[in-house]
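Here is the structure we will look at.
The values are calculated or read from the model by the stated rules, or taken from the named source; none is laboratory data. Predicted model only: the values in this text are computed from it and were never measured. Cβ sites come from the backbone with ideal geometry, for glycine too, and all protein chains shown count toward neighbours. To get the accessible areas, we keep the full protein, side chains included, count just its heavy atoms, and leave off ligands, DNA and RNA. Shrake-Rupley method; radii C 1.70, N 1.55, O 1.52, S 1.80 Å.
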Amino acid sequence: MRRVFGAIVVTAALLGAAPASAQQADDNVPRGPIVNSWYAGANTGVAVVEKFGGVLGAEAGIRLWRNLDGVVDVFWTPNIATRRQLDGVDRLVEVLRASGDASGRLKAPVIYTGVGARWVFENSGRFRPYVLFTIGSARIEKKASFSVNGSDVSGSLPTYGITLGQDLAGTYSRLGTEGGVGILMGYGTWYFDAGARLLSVDALDQRTNVARVVLGGGYRF
C-alpha cells in the first residue's frame, strides 16, 4: 500500500506543478470546450500493487452535458499480485524444498473495462483539470508457476501434496471501480492527457487496489 500511495502523491505533485508552467495561449490552444462532441485516444504508463508494471490503455468518450463526458475506459497491466498472494507462493516453495532446490512465482494480469463519467473544468487556458469515475469488469488471470531442481512442476503439484486455491490459480471476472484525476491539454484537434487513477477490485481472497499513472492523448471532435 505504501507503493500505491507513493505513486499517487508523486503524480498529484506533478499535476499540480503543470499549470504553473503554462505559457501564453496561442492559436492552437482551444478557447472552447476541450471536447465539442466526442474523443478517442490511447495511453500508457505504470501500475503498481506490490510490483511495478507497464500499462496499455484506450479511452473514448462523448460530451453529454456542459462539462460532463460519458467515458469508456479499457486497460491492461501484467501483474496485480498482492503481498498476501506472494507470501502464499513462498509458503508452497518451502514445502517443495523438501524435494530439492525449489522456486516459485505468481503473475496476475488484469484487463479492466469500465464505463462512467468525466467532469472537465473547462476554461480558456491550455491546461484543464478533470475528475473521472468508472465502474466495470476486471478480468484477472492468476498464473502461479513452480520449479524443483530446475524442472517445471507446475502441472504436477498434487504429487507433492499441493493443490492450488483460487488465490493462486484460475481466471475470473469481478466488479471493479476506478477513480482518477488528471489534466488535459488541447492542441488543435488533438489532446494530451496526464493523470493518476486508482482501481479497486474484489479479487476473491481480498480487495486489491491498483494505482496507475497514465500519459496519453488522442483526437477530439
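Structural remarks
- Scanning region 59-101 for residues that are surrounded by 15 or more Cβ atoms within 10 Å (Cβ to Cβ), farther than 18 Å from Phe133 by Cβ and in contact with an Asp or Glu (Cβ under 8 Å, 6 or more places away or on another chain) yields a count of 5.
- Annotation note: of Ser156, Ser151, the sole residue that is polar (S, T, N, Q) and open to solvent by 60 Å² or more (accessible area, probe 1.4 Å) is Ser151.
- When region 159-172 is filtered for residues that are surrounded by 15 or more Cβ atoms within 10 Å (Cβ to Cβ) and small (Gly, Ala, Ser), only Ala169 remains.
- Region 194-207: number of residues that are open to solvent by 20 Å² or more (accessible area, probe 1.4 Å), in a strand (DSSP E or B) and touching a residue at least 60 places away in the same chain (Cβ under 8 Å): 2
- Residues satisfying the stated conditions in region 137-167, i.e. of a type in the set (Ser, Thr, Tyr) and assigned to a strand (DSSP E or B): Ser137, Ser145, Ser147, Ser151
- Residues in region 145-181 that are of a type in the set (Gly, Ala, Ser) and on the phi < 0 side of the Ramachandran plot: Ser145, Ser147, Ser151, Ser154, Gly155, Ser156, Gly165, Ala169, Ser173, Gly176, Gly179, Gly180.
- Cβ pairs under 6 Å, 6+ apart, first in region 90-112 and closer than 14 Å to Ile162 by Cα, second open to solvent by less than 20 Å² (accessible area, probe 1.4 Å) and of a type in the set (Gly, Ala, Ser): Val93/Ala102; Leu96/Ala102
- Residue in region 8-28 that is of a type in the set (Val, Ile, Thr), modelled with pLDDT under 90, open to solvent by less than 40 Å² (accessible area, probe 1.4 Å) and farther than 29 Å from Ser173 by Cβ present: no
- Against the test of being of a type in the set (Gly, Ala, Ser), over 13 Å from the mean Cα position of the chain (by Cα) and at pLDDT 95 or above, the options Ala60, Ala47, Ala98 yield a single qualifying residue, Ala60.
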